[in-house]
1. Given the criteria touching a helix residue (DSSP H, G or I) at 6+ places or on another chain (Cβ under 7 Å) and either away from the ligand (no atom under 13 Å from the Cβ) or at positive phi (or both), does residue 56 qualify?
2. Quickly run through segment 10-19 and pick out the residues that are surrounded by fewer than 22 Cβ atoms within 10 Å (Cβ to Cβ) and without any contact (Cβ under 8 Å) to a residue 60 or more places away in the chain.
3. Take segment 239-265 and flag every residue that is on the phi < 0 side of the Ramachandran plot and within 11 Å of the ligand (Cβ to nearest atom).
4. Could you pull out the residue among 102, 131 that is touching a strand residue (DSSP E or B) at 6+ places or on another chain (Cβ under 9 Å), within 16 Å of the ligand (Cβ to nearest atom) and in contact (Cβ under 8 Å) with a residue 60 or more places away in the chain?
5. Given the criterion farther than 24 Å from residue 255 by Cα and either within 11 Å of the ligand (Cβ to nearest atom) or in contact (Cβ under 8 Å) with a residue 12 or more places away in the chain (or both), identify the matching residue among 7, 23.
6. Do we find that residue 12 is modelled with pLDDT under 95 and either more than 29 Å from residue 168 (Cβ to Cβ) or assigned by TED's automatic domain parsing to the domain that holds residue 120 (or both) in this structure?
7. Filter the strands (runs of 3 or more DSSP E) completely within segment 164-225 down to those with at least 1 residues that are over 26 Å from residue 100 (Cβ atoms).
8. Which count do you get for residues in segment 214-233 that are within 16 Å of the ligand (Cβ to nearest atom) and over 29 Å from residue 89 (Cα atoms)?
Ligand code: NAP
């Protein structure tokens, strides 16, 4: 049976790639409706650069979810609209698969609670690349042995949130195994504010934003006489599509919100 999907952000780089993935897997998925902030009332084929599909487009997520039944809602937009869309989807019993990054802890808690109440599946993953999930897992393992660790995450310069959701998630995972420690010299002084990066339990996160980049992260560990670097590069947005594909299938089996692709693989 085909899974009916509503997608928000069809003109975005991730959204358009996700539409291609859905079309390449026609046996498994049907794109039924799109949510786009600029093209209310048209069909996808009427929008420049979009595939030749008679898929209706809504600007208002509420109206979209009220008037259309679907199994899964994919959000690939920006944090504010992503949160609003996701909440509305849950309230209409449509399972969200969210790639949009930058949700606050409180927003994730709120969505988790709503899903629990409704026994509805949802997946929010700050990184859908399988390699990035492995990078996080390996980092969690290494942090048990190396409490001194810096994360350097590098993304394209159109990214709205910093640090990246992946960097925060990596730090959270490492917190589970790492012995808490304030790094650097005890008398260290930041001569220029921000020079040492953001602080998570003594770990440092540095965010680089550059045109030409996609999504890259290095986790650098240091110990006596050695360093260890775990590195992942998403060279293009294809790297995220397998994770979205797996998630759209898996979310149908869930009865709660799962945060992080590593928890469903
Ligand atoms: P993008 O190319 O800038 O696309 C963003 C889309 O959201 C566009 O269609 C844009 O429409 C729309 N949008 C912007 N502001 C909006 C608003 N206020 N309300 C509704 N829609 C709005 O970005 P992208 O690279 O596709 O990334 C999309 C999201 O996915 C971001 O949050 C990014 O961090 C995240 N991401 C996640 C992963 C992962 O693996 N989870 C990987 C890469 C990226 P306009 O053209 O009208 O602005």
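1. no
2. 11, 16 - these are the residues of segment 10-19 that are surrounded by fewer than 22 Cβ atoms within 10 Å (Cβ to Cβ) and without any contact (Cβ under 8 Å) to a residue 60 or more places away in the chain.
3. Matches in segment 239-265: 239, 240, 241, 242, 243, 244, 247, 261.
4. 131
5. 23
6. No.
7. Those strands (runs of 3 or more DSSP E) span 215-223.
8. Count: 4.
The values are calculated or read from the model by the stated rules, or taken from the named source; none is laboratory data. Remember, predicted model here, so these are calculated numbers, not experimental data. In this analysis, Cβ positions are derived from the backbone assuming ideal geometry, glycine residues included, and neighbour counts consider all displayed protein chains.
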